[in-house]
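Data block below; observations after.
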Amino acid sequence: MPTATAHRTGTEITPDTPCVHCGLPVGRYPVGDGPYFCCTGCRVVFQALHTAGFDETFYRLRDLAPAHTAIRPAQTAVDDLKLFELDTDAFLENQTQPVGDGIRSVELFLDGVHCAACVWLVERLPYEVAGVLEARLDLPRARLTLHFDPERAKLTEVARWLAQFGYVAHPSRQQGMTRRTEAERRLLIRLGICWMLAANVMLFAFALYAGLDTTNDASLATAARWASLALATVAVVYGGSEFFRRSWASMKLAVRVRNFRSLHIDTPISLGLLAGFGHSAWATISGRGDVWFDSITVLIAALLTARWLQLRSRRLAGDATERLLSLLPSMTRRVRADDSLEITRLEDVQPRDLIEVPAGEVFPVDGVIESGNSTVNNAVLTGESRPVAVAPGMTVEAGATNLSAPLRVRVQAAGAETRVGKLLAWIRSQKTQQAPVVLLADQLSGYFVLGVLVLASITAVVWLSLAPSEALPHVVALLVISCPCALGMATPLAMAVASGRAARASIFIKSDEATQQLTAVDTVVLDKTGTLTEGRMTLLDYDGDDDAIDLAAALETHSNHPIATALVQARVACGLDGKTPDLPQVEAFEAIAGEGLRGWVNECDVAVGRPAWITELTGPLPPAFEEKLAGYAGQGHTPVAVAVDGRCAAVLAFGDRLRDASKTVIEALQASGKEVYLLSGDHDAVVQAVAETLGLPSAQAFGNVSPEQKRTFVTTLRHSQQRTVAMIGDGVNDAAALQEADVGVAVQGGSTPSLVAADVFLTREGLTPVATLLTGTKRVMRVIRRNLGFSLAYNILGAGAAMLGLITPLAAAVAMPLSSLVVVISSIIQRPFASSTNPPDAL
Amino acid sequence: MNVLYFLVPLAVLLATVGVAAFMWAVRNGQFDDVETPAIRMLLDDEEEGVRKPDNAMK
């Protein structure tokens, strides 16, 4: 990462110059003219740090340690509704815990933390906000634990203090996370105890394998066997209960539905454990026969370890899902009978209530517009990138965004009754119906234990008839060398390490099944809006007078319309405050609904709007402009014209720009032999234009596709054409298809239903992570096959050699941990998701 | 060899103490986040004269 100081006074500025605050390229329109920034958010944070005197330490620490998670430009927007919730009594009651002396503790998600400097800054909270006693940041999980005195400190104060440095705080929905942490801790303790028992049983076992038996020291040998029995009993009862409980439940189910396929993977493991333990226990009590308590206890500990690793590696995905769920609005503005507004919890909103939704906010309910005229962005619901004008009497749906003016909406359905809510419910029910995936290795190691018992009896019988004195050591060697812990750990360990690595590359994989399925994918279905494109209006092309465009941009700073925002962004940068001194002064302006804006800027009469409206004002446009406008319309762009003093001075084209990486990723997908389809709810002309740019045949690109059609399309591909389909999308309209596909991948900025439906989701923008994901999972599967191959070969060769009497019990006992070690090392050294765009990280 | 009758239970006892310490650490949340503490080491101690938190946490 470049140092902060090196670029602070840079004279030459290129689009690749790193932003002084976040280090990302500043692009073609940098903000500021001393230090350069990529956006006003970064500039605001930089200035806030400077004013507070934190800048020196902050940037020093940032350059000292590598970033932990993918970097994003700073966001300083504060959502007042969300903040309001933090100070309600209900929040204090439900989401905070007392820790004594009237002090309470709360957990918040923090967006935008990624390095050592962030830890330092956030943990300064107790010094900066009165009433905060301690702040602890868990960086990988972006979780802030605060101890505060509710009498003296308001959580909104804390959130505002954090927001000025670009960290957005969200209340975490505690229950889910606490439950996960608790489960993880319980398993970890179980794990520690089981390893301790296993280690001590191994001690006895080493003595027994080394030659201690009833013939040379009867009392010591008997004592060692009884001690092992005592320790192993604890391990089996306490550690093994996990496996017994689940396999017993699955056996009952199997008997009830008369289908043996519902037997759980834990069943063979349990059988193997019980058989091995029963036999050893009987041998100890009767004083005859062999004990293999060590194999049993080590197997329990190893399987628990694998399970814990899986749990821990998935918690990142779980946390991230929860963080996204916490972004949903939970409060809303209800209009009282006396026309005043009250902020209320969304659960309390009933049909027939009247609520107000200001410009820029997401509709929390389905309803009919009561008063107000505005434009609404339905992209999340339909995939259509162009905003729609709405008027009283028209319906709006939860999930759409109100763009330009406040609206009052009569509630028709809230919560689970909305279209989005129903979709979410459907997806959740689908999730639970999915058959549990049987992991090959778990099953193998279970049957393996049973198989080894059979082999052991055969060995005993054969050697007893050949050479009775050698039978015992050979059987013991066989039992030791065929301990399947390497086999049991091979898959889960590799998967766990891989999902941890993936999370660092901003890829969250929810299940191991998805990793496996991704390698088999031969068809990729893509959504357009937000996936291939940026999902918002951008200035794509223009022709005419530059000064006129500056005048237009100045005028447009007074509008919330997406086209206005796009123009201002293109001219200034991503303006959050909007009023930048670089633009000419606006003296007067008026908005003409559905047409455009007109006003006085710099003593000129400026009008910006639909070309037809400009034509009305100025008379026929110059032919060159007419030609351009026709071209824009043909490509599916939205054309806009600018008139200055009654003369058309410029024409502009707005549209949803393709992401930079889209074309290369699609070419790479096609090169690797995958079929790529493009499905979108947007107009067919726009979709075909995009397909042409991307080099996709028009027969594989479809516009005007409804969510239901998307799902049917995926079903047809899967069942009629026997294809393995990966669906990549972001909107609510993609959710059903994401669920239906073999693997659903939700991309950055996706809506909640799509995130719930997806098996994988990406928190870095664009399609680049998709390419990383596909190559990465291939590498993971290669590591798993390597692990499985190695441990199977080791066990089979070892078992064969032991049966033939080629290995002594002691050699077998040494080889057993070595084989596990090989599997562990092979899993840990893998770097499947490393690519040139990620800085190499040390784990 | 008789010393083993004493030493082996002692080893088990020591291991039990270790496990008890481990259980305390897990319940105390020491293993919940194993990455941020590695970063926290880079941070300087607060200088003299800087306002301290009102009261330290228990």
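The table below gives the values:
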read-out	value
Any hit, segment A:534-548, residues being outside the structural domain of A:LEU403 (by TED's automatic domain parsing), small (Gly, Ala, Ser) and over 23 Å from the mean Cα position of the chain (by Cα)	yes
Condition met for A:ASN733 (surrounded by 24 or more Cβ atoms within 10 Å (Cβ to Cβ) and polar (S, T, N, Q))	yes
When residues of segment A:762-777 are limited to those that are touching a Leu at 6+ places or on another chain (Cβ under 8 Å) and not aliphatic (A, V, I, L, M), the one farthest from A:GLU534 (Cα to Cα)	A:THR777
Tally, over segment B:6-38, of residues that are among the β-branched types (Val, Ile, Thr), within 9 Å of chain A (Cβ to nearest Cβ) and within 16 Å of A:ALA198 (Cα to Cα)	4
Answer from A:ILE343, A:ILE369, A:ILE296, A:ILE355 - the residue that is out of contact with any strand residue (DSSP E or B) (no Cβ under 8 Å at 6 or more places or on another chain), at pLDDT 75 or above and not charged (D, E, K, R)	A:ILE296
Given (1) part of a loop (DSSP other than H, G, I, E, B); (2) modelled with pLDDT under 80; (3) not hydrophobic (A, V, I, L, M, F, W, C), index of the condition A:GLN350 fails	(2)
Criterion: over 30 Å from the mean Cα position of the chain (by Cα), surrounded by fewer than 19 Cβ atoms within 10 Å (Cβ to Cβ), within 13 Å of chain B (Cβ to nearest Cβ) and free of Cβ contacts under 8 Å to residues at least 24 places away in the same chain - qualifying residue of A:ALA224, A:ALA230	A:ALA230
A:THR57 vs. criteria of a type in the set (Val, Ile, Thr), within 14 Å of another protein chain (Cβ to nearest Cβ) and part of a helix (DSSP H, G or I)	yes
Residue that is nearest to the chain's Cα centre (by Cα), among those in segment A:665-689 that are surrounded by 15 or more Cβ atoms within 10 Å (Cβ to Cβ) and among the polar types (S, T, N, Q)	A:SER680
Residues located in segment A:142-198, provided they are under 20 Å from B:THR36 (Cβ atoms), part of a strand (DSSP E or B) and more than 14 Å from chain B (Cβ to nearest Cβ)	A:VAL168, A:ALA169, A:HIS170
Any helices (runs of 4 or more DSSP H) falling wholly within segment A:460-541 and containing at least 1 residues that are under 30 Å from A:PRO697 (Cα atoms)	A:512-518
Enumeration of residues in segment A:235-250 that are buried (at least 16 other Cβ atoms within 10 Å of the Cβ) and in contact (Cβ under 8 Å) with a residue 40 or more places away in the chain	A:ALA235, A:VAL236, A:GLY239, A:GLY240, A:GLU242, A:PHE243
Helices (runs of 4 or more DSSP H) completely within segment A:680-791 that count 3 or more residues being within 21 Å of A:ALA400 (Cα to Cα)	A:707-719, A:732-740, A:752-757
Test: A:GLU692 is of a type in the set (D, E, K, R), in contact (Cβ under 8 Å) with a residue 24 or more places away in the chain and exposed (fewer than 15 other Cβ atoms within 10 Å of the Cβ)	no
A:GLY451 modelled with pLDDT of 70 or more and not in a helix (DSSP H, G or I)	no
Hits in segment A:699-719 (condition: farther than 11 Å from A:ALA737 by Cα and surrounded by 13 or more Cβ atoms within 10 Å (Cβ to Cβ))	A:GLN700, A:ALA701, A:PHE702, A:GLY703, A:ASN704, A:VAL705, A:LEU717, A:ARG718
Segment A:391-442, subset assigned to a loop (DSSP other than H, G, I, E, B) and under 30 Å from A:SER270 (Cβ atoms), residue modelled with the lowest pLDDT	A:ALA435
A:GLU595 being farther than 15 Å from A:GLY544 by Cα, outside the structural domain of A:GLY703 (by TED's automatic domain parsing) and under 44 Å from the mean Cα position of the chain (by Cα)	yes
Verdict on A:GLU708 being under 18 Å from A:VAL665 (Cβ atoms), acidic (Asp, Glu) and at pLDDT below 85	no
Conditions (1) modelled with pLDDT of 80 or more; (2) surrounded by fewer than 20 Cβ atoms within 10 Å (Cβ to Cβ); (3) of a type in the set (A, V, I, L, M); (4) over 40 Å from the mean Cα position of the chain (by Cα); number of the one not met by A:ALA275	(1)
Residues within segment A:116-132 that are facing chain B (nearest Cβ under 8 Å), hydrophobic (A, V, I, L, M, F, W, C) and surrounded by fewer than 22 Cβ atoms within 10 Å (Cβ to Cβ), tallied	2
Close pairs (7 angstrom Cβ cut-off, 6 or more residues apart or separate chains): free of Cβ contacts under 8 Å to residues at least 40 places away in the same chain in segment A:352-379, aliphatic (A, V, I, L, M) and outside any strand (DSSP E or B) anywhere	A:GLY372/A:ALA405; A:SER374/A:ALA359; A:SER374/A:LEU403; A:SER374/A:ALA405; A:VAL376/A:ALA400; A:VAL376/A:LEU403; A:ASN378/A:ALA400
Residue count, segment A:99-128 (criterion: more than 19 Å from A:VAL45 (Cβ to Cβ), modelled with pLDDT under 85 and part of a strand (DSSP E or B))	3
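The values are calculated or read from the model by the stated rules, or taken from the named source; none is laboratory data. Quick caveat, the model's predicted, so the values are computed rather than measured. Methodologically, a virtual Cβ is constructed for each residue, glycine included, from the backbone with ideal geometry; neighbour enumeration extends over all protein chains shown.
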